[in-house]
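The values are calculated or read from the model by the stated rules, or taken from the named source; none is laboratory data. What you are looking at is a predicted structure, and each value in this text was computed from that prediction instead of being measured. Backbone-built Cβ (ideal geometry, glycine too); neighbour counts: all protein chains shown. Surface accessibility is based on the protein's heavy atoms, side chains included, excluding ligands, DNA and RNA. Shrake-Rupley method; radii C 1.70, N 1.55, O 1.52, S 1.80 Å.
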Amino acid sequence: MGSWVNLGGSKTWPAPQGWLTENEWPGPPDDVLDSGTYSLGHFVDDNGDMHVTMTSQEDARTGIQITRSFDIPARGPNFSQTNSFRNHTSEARTWSIWEVAQIATKLSHYTEEKGYFLVECANLVEPRVLFNLVGDIEYFSTEKYIKVPVQDAIGKIGFTNAS
């Protein structure tokens, strides 16, 4: 991983990733979902909150179109993000939404709390730890969500019951 310099940012990919069958996403990179042009929509509501939607082109190989929506309040350090996939084929498809984020984990002078990710779940089943490369990824169950705080760890966890 020492040669992979990809600091900051967020992206949404389909999973599983692979190159062996048509049921795997052969990226990144690819010229539609990872590196392609996304359309942009945005508006500011009466409260001054901004709502931004980014939508990919339709990927001919997978049938997937990715939409990423952001709700950004006029004030405060928090925002919410919703990712969705749309199947543009007539075949039933099973894909998982894979959110990849690289973010600074040091506390800023704006807040004492580090950020976190909330994964809404249909029922609270423990996430599946796929691997821990550095440290152990910590997560916490709430009534409706799995909360994953930003932490000094590198790994991958999967949510078999994410809604």
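For the range 1-94, the square roots of the Cα gyration tensor eigenvalues, ordered a ≥ b ≥ c, give a/c of at least 1.5 with a/b no greater than b/c, which places it in the oblate category. Evaluate 2.2 N^0.38 Å with N set to the residue count of the chain, then give the Cα radius of gyration divided by it. Relative to the rule-of-thumb radius for its length, the chain sits at 1.12. 3J(HN,Hα) couplings calculated from phi for the range 73-82 with the Karplus curve 6.51 cos²θ - 1.76 cosθ + 1.60 (θ = phi - 60°) are, in sequence order, x, 4, 9, x, x, 9, 8, 10, 10, 10 Hz; Gly and Pro show x. Only one residue of T21, T89, F70 has its Cα farthest out toward the positive end of the dipole of the range 1-90, where Lys and Arg carry +1 and Asp and Glu -1 on Cβ, and that residue is F70. Protein heavy-atom surface of the chain, 1.4 angstrom probe: 53% of the accessible area is carbon and sulfur, with nucleic acids and ligands not counted.
Maximal additional length on extending the F131-H42 stretch stands at 28.3 nm, based on 0.36 nm per residue less the C-alpha distance. Local charge for T142 was computed over the other residues whose Cβ lies under 15 Å away, with Lys and Arg +1 and Asp and Glu -1, and equals -2.
With +1 on the Cβ of every Lys and Arg and -1 on the Cβ of every Asp and Glu, and nothing else charged, how large is the dipole of the chain about its Cα centre, in debye rounded to the nearest 20? Let's see the in-between values first.
Numbers: 12 positive and 21 negative charges, 33 e Å.
Here the size comes out at about 160 debye.
Partners of K147 within straight-line reach, counting aspartates and glutamates whose Cα lies under 20 Å from its Cα and excluding those fewer than 8 residues away in the same chain: D71, E99, E112, E113, E120, E126, D136, E138.
Remark on D49: its backbone amide H falls under 5 Å from those of A74, a criterion applied only to residues 5 or more positions apart or on other chains, H modelled at 1.01 Å from N.
Given +1 on the Cβ of Lys and Arg, -1 on the Cβ of Asp and Glu, and no further charges, what dipole in debye does the range 11-74 carry about its Cα centre, rounded to the nearest 20?
Working: 3 positive and 11 negative charges, 27 e Å.
Its charge dipole is roughly 120 debye.
Using a 7 Å offset from Cα along Cα-Cβ at I157, what residues in the range 10-25 end up with backbone N under 18 Å from the label point? None, by backbone N distance to the label point.
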